[in-house]
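Reviewing the structure listed below.
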Amino acid sequence: MASNTSVGQKCLSPMKATSNGFFQGDNPLDYALPLAILQICLVVVLTRGLAVLLRPIRQPRVVAEIIGGILLGPSVLGRSKSYLEAIFPPKSLTVLDTLANLGLIFFLFLAGLEIDPKALRQTGKTAFAIALAGIGLPFALGIGSSFLLRATISKGVNASAFLIFMGVALSITAFPVLARILAELKLLTTDVGRMAMSAAAVNDVAAWILLALAVALSGSNTSPVVSLWVFLSGCVFVICLALIVPPIFKWMASRCHEGEPVEEIYICATLAVVLAAGFVTDAIGIHAMFGAFVVGVLFPKEGPFAHALVEKVEDLVSGLFLPLYFVSSGLKTNIATIQGLQSWGLLALVIFTACFGKIIGTVMVSLCCKVPLRGALALGFLMNTKGLVELIVLNIGKDRKVLNDQTFAIMVLMALFTTFITTPVVMAVYKPARRKMDYKYRTIERKNSDAQLRILTCFHSARNIPSMINLFEASRGVAKREGLSVYALHLMELSERSSAILMVHKARKNGLPFWSKGRRSDSDHVVVAFEAFQQLSQVTVRSMTSISSMADMHEDICSTAESKRAAIIILPFHKHQRVDGSFETTRTDFRWVNRRVLEHAPCSVGILVDRGLGGTTHVSASNVSYLITVLFFGGPDDCEALAYGARMAEHPGISLNIIRFVVEPETIGEISTINMQENAGIETKSSAEEFLSRFRNLQKDDSVRYEERAVRNVTEIIAAIRGADRSNLFLVGRMTEGALALRRRSECPELGAVGSLLIAPDFSVTASVLVIQQYNGYTCPNLDPYMEEESPDKDSESS
């Protein structure tokens, strides 16, 4: 017996940190550091690969991580003993679990940042009732099913702890996963999305309280007095944190200013507080993650401090350390333990109980609160979403011997199943009706030129803001008009990062999914810039934020344009100008967003190639002095560009130069004419002539200059354009009736032949360019043939 004990101790002897290398006769897999590196790389590659495979069916990344953990464990790959001994030997599990729990501590701190106590206090009665039903009925059914499990496969476990663990496991709603599913499905704007987010936040906090109680009851000491002391000590610790920590963090946040880097000492101090709180809760007898979570909840959410902290922590934690927790869980999950009719029947019972309790409880209360049936069903399935918190509950139960191997495997499969079905079921049962807006002015060109012009402008960063504001100033027209109304839409990508969920909260707090109303942070310099412009001019500007994946971003843009009755959408070009004048791609995904908007827009579209219109600051109305040139070849897009130019010409500081190119009839070869009459609703040549006639009569006005150029070849056209190199802005149509045969040179067909020529590296023009496509009620013509050689799937994966 002693011999066996000593052998066991020898097998589990601690590993040395680093090896001397192959050449010294050492196997790196026998040492802790190289083995941990291999484990991390294997986990990251597998889980990210599964996430890519599951993305087409819109599954959250947590599903891929749970499946990856199961695949690496004894259920699949672990059936090979040689694999387990080489990659996940028992003596390495201590290091693996330590890294996993360290990552879990910081991730739970980030999860706490996602919970806003102020928002919880403002939860409506309907959401609160749904949250209570979503906790109460599943908790009761979980306790009921625990009696059956204890009588069959979980004999001899701590009865009280097992009851509470089962109740908590069945009543949890994964708040971060739910938020991402709602954003993916475009449900954040709906009543269902609002209620689901509010109810899930309440559910999340209640689940943590119940879990703390379960952990207190699951100690090795069976005395109820000890469990009571653990629970009371945890409550006292939370109260002390609530009194001491927030003032310190608020003082730190007050010393962090927008646009300035956050001092390293504040970041280090915060992370040290997180670890210290974890140490205290672990010493009390509650898991270390509780302390980290409470610190995150108490941390101030506004200002640059929280965002800087998240940016510095989340990628390392979520990308490298947290996946180890799923592997740690997967190594404990052995699906092979579910054997026989009884075990599989219990699995079906647990899944049915979990779904029945959450869905039926939520649906019944929702119907009582007069929520429509489809919305109530969607709420039920959304509230049934599980995730990382579910695995945390199960792993704590497993570590404390409350859950055996078979029960643990059953509960993990239940969590995977309920999360997996959420997205497809919600997509099937709930499709919010999107009303088709019928409004009159979808173009700038119109009979009533005094009608209000509504512009939706989009931006990805603050880089384009000065030029956008100067463009608005030039577009505001004269006082007798109804005016100019601008909607500035900040496009943000929804990702798996915690900072994306913080943005969702910010958007949700002030009007889903846009924060155009209500309070905002005074440090938001983009909003401040637009508000300052609004006060200095007669232009109404409303700032908004859209949060969506790159694949769906165009839908937000188009639906917003329709809901705001915009006449034109102005998009930034996907390249920005360097100091030397050349263009650098900002992000390839933005190009495909622009392309999809061109195809599906409910109004006219303009793509702005920004070369610093007016410089890097807002130019006041009295100091505006621009020369704007319209290159007119014919066709509806050129007419739209000319209509925009005519409005700009009303500004006292703007001169308009119209160059009408007339292709001589005998010309062939380099200049080709595209027949635009095939598309219904397109202006004829005679209507274009009629449109131009009033500009010929305006030449007596010093601010408008009209000229016609007869051209015979591309060289003459290029020479004429070079002659207008003093312009500050070119307005051109994307598709022209008398188009240049320059397709072979066009790298950016979304700009059209003329627009591509104006940004060519060998072209000396330095003015900004606005390429305009007029709305005609159809998808944009002739875009796909230019793009055949490329595919958006190849280089526009949303992260």
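Brief remarks follow.
- Excluding ligands, DNA and RNA, the accessible surface per residue across segment 132-202 is 28 Å² with a 1.4 Å probe.
- If only the Cβ of Lys and Arg carry +1 and only the Cβ of Asp and Glu carry -1, the dipole of segment 296-424 around its Cα centre is close to 380 debye.
- For segment 280-359, Kirkwood radius (reciprocal of mean inverse C-alpha pair distance, Å): 16.8 Å
- Ratio of Rg to Rh for segment 85-174: 1.12 [Cα atoms; Kirkwood radius as inverse mean 1/r over pairs].
- Whole-Å distance, taken between Cα centres, linking segment 183-212 and segment 82-124: 20 Å
- Nitroxide proxy distance, nm - points 7 Å out along Cα→Cβ at Val429 and Arg255: 5.2 nm
- His600 - accessible surface, heavy atoms, 1.4 Å probe, Å² rounded to 10: 100 Å²
- Potential lengthening between Ser620 and Cys369 on full extension [0.36 nm per residue; Cα-Cα distance subtracted]: 85.1 nm
- Segment Arg722..Val225, full-extension length gain: 170.1 nm, with 0.36 nm per residue of separation and the alpha-carbon distance subtracted.
- Spacing of the modelled spin labels on Ala336 and Lys401, each 7 Å from Cα toward Cβ, amounts to 2.5 nm.
- In this structure segment 320-365 gives 37 Å² per residue of accessible area when probed at 1.4 Å with all protein chains present.
- Segment 250-324 - percent of accessible surface contributed by carbon and sulfur, probe 1.4 Å: 63 percent
- Greater than 27 Å apart at Cα, pairs in Lys312/Lys332; Lys332/Lys386; Lys186/Lys398; Lys91/Lys155; Lys358/Lys564: Lys312/Lys332; Lys186/Lys398; Lys91/Lys155; Lys358/Lys564
- Nearest-10 value in Å² for the accessible area of Arg58, using the 1.4 Å probe: 80 Å²
- Theoretical FRET efficiency, 1/(1+(r/R0)^6), r = Cβ-Cβ of Gln538 and Cys268, R0 41 Å, to 0.05: 0.25
The values are calculated or read from the model by the stated rules, or taken from the named source; none is laboratory data. Values in this document were obtained by computation on a predicted structure and should not be read as measured data. Note that we place each Cβ from the backbone using ideal geometry, even for glycine, and neighbour counts take in every protein chain shown. Surface accessibility is based on the protein's heavy atoms, side chains included, excluding ligands, DNA and RNA. Shrake-Rupley method; radii C 1.70, N 1.55, O 1.52, S 1.80 Å.
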